[in-house]
1. Tally the residues that are part of a helix (DSSP H, G or I) and open to solvent by 40 Å² or more (accessible area, probe 1.4 Å), restricting the search to region 214-226.
2. Which one of these does Ala117 not meet: (1) open to solvent by less than 30 Å² (accessible area, probe 1.4 Å); (2) assigned to a helix (DSSP H, G or I)?
3. State all residues of region 166-205 that are within 24 Å of the chain's Cα centre (by Cα), in a helix (DSSP H, G or I) and acidic (Asp, Glu); if no residue qualifies, say none.
4. Give the residues of region 167-190 that are of a type in the set (Phe, Trp, Tyr) and either open to solvent by 90 Å² or more (accessible area, probe 1.4 Å) or over 24 Å from Phe86 (Cα atoms) (or both), sorted by residue number.
5. When you look at Asp193, is it open to solvent by 20 Å² or more (accessible area, probe 1.4 Å), without any contact (Cβ under 8 Å) to a residue 12 or more places away in the chain and of a type in the set (D, E, K, R), yes or no?
6. Yes or no: Ile58 under 19 Å from Asp123 (Cα atoms), outside any loop (DSSP other than H, G, I, E, B) and modelled with pLDDT of 85 or more?
7. Just to verify a result, which residue in region 249-264, among those that are more than 14 Å from Ala297 (Cβ to Cβ) and part of a helix (DSSP H, G or I), is least open to solvent (accessible area, probe 1.4 Å)?
8. Among the residues of region 134-166 satisfying the criterion of being open to solvent by 50 Å² or more (accessible area, probe 1.4 Å) and in contact with a Lys or Arg (Cβ under 9 Å, 6 or more places away or on another chain), which is nearest to Leu51 (Cα to Cα)?
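The values are calculated or read from the model by the stated rules, or taken from the named source; none is laboratory data. Note that the structure is a prediction, hence the values are computed from the model and not measured. Every residue, glycine among them, receives a Cβ derived from its backbone with ideal geometry; neighbour counts consider all protein chains shown. What goes into the accessible areas is simple: the full protein's heavy atoms, side chains included, and nothing from ligands, DNA or RNA. Shrake-Rupley method; radii C 1.70, N 1.55, O 1.52, S 1.80 Å.
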Amino acid sequence: MVDTAMTEQARARGALTAEDFARTTDAILGGVGSVIDGKPEAVRSALVCLLAEGHLLIEDVPGVGKTMLARALAASVDATVRRIQFTPDLLPGDVTGVSVFNPVEREFEFKQGAIFANIVIADEINRSSPKTQSALLEAMEERQVTVDGRTHYVPEPFLVVATQNPLEMEGTYALPEAQRDRFMMRISMGYPDERSEALMLRQRDTLNPLDQLSAVVSADQVTELISWARAVHVAPPIEDYAVALAHATRTHSDLRLGASPRATLQLVRAAKVWAALDGRGFVIPDDITALLAPVFAHRLIPTRSAGGARARGAADAITTILERIASSVRVPIAPRQ
């Protein structure tokens, strides 16, 4: 008897094979990795967000390659790419677009903003006002923009890669909880090791590696990769495991705000892509735990007694809390055949 679930997965994958998925994703990882030296985890996380239909927030100090990673991923995809430099004087209409009166036609015409692209690089997002930051909310969640009562849809696939400096730096506005919850993952680049930094000095003295990077996939091919990853199987015990982890954050005594249901959904979606990149058609518990901190950490708020008074202390406290939660929640074990 043919497994119905597997039949539906094969139908969803269409003509794309596992070899095609592996070959294409390896090419993307290799291309972006040639620009971002010594940061394979960050490169993989960026690709996971693209194929899981999420959005990526890169937070770190200036000069460690946050924008370079976003630009390298965009250069690997033959699709529309726009970059928005967020500044205090940036207006919401600059992001979403505005209605402009056409004196010839004697009617208002909608002029698209920078959000209308397959990949949008929101550089230093926390340097703009909260009003401008909120202009991204509808597009990131519903993939549409409403201006003057009319709905305009953004192109597919759609990915926002935002960079921000640490919240304690001068001239920044902390992202509100609703905005942070729209991002599937938050990662930090960190400083490169000595070998990678020395290699960067030698290579980039004569050329820009982005100039050597060419697109390896089209927007349509990215859509096929997304469909393939979406069909990866998640067993009910794995789903229960993800829910249990999320529930543990909501009841933990050291957390004022736990993970939202959106966070649970995005954790499972990211795990599907993670499994597919490892060549598997099914999710295992290790996929969930590997993504727990990148998907959950930026959504949680610790209590003041747990170290939530300052941003750095809050980040450390959340990391510790998630490690304790991961070790306390029962991991599902596959039954013996």
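1. Of the residues in region 214-226, 4 are part of a helix (DSSP H, G or I) and open to solvent by 40 Å² or more (accessible area, probe 1.4 Å).
2. Going through (1) open to solvent by less than 30 Å² (accessible area, probe 1.4 Å); (2) assigned to a helix (DSSP H, G or I) one by one, Ala117 breaks only (2).
3. Result: Glu177, Asp181.
4. Tyr173
5. No.
6. Judged against the criteria, Ile58 is a match.
7. Thr264
8. Per the stated criteria, the residue is Glu156.
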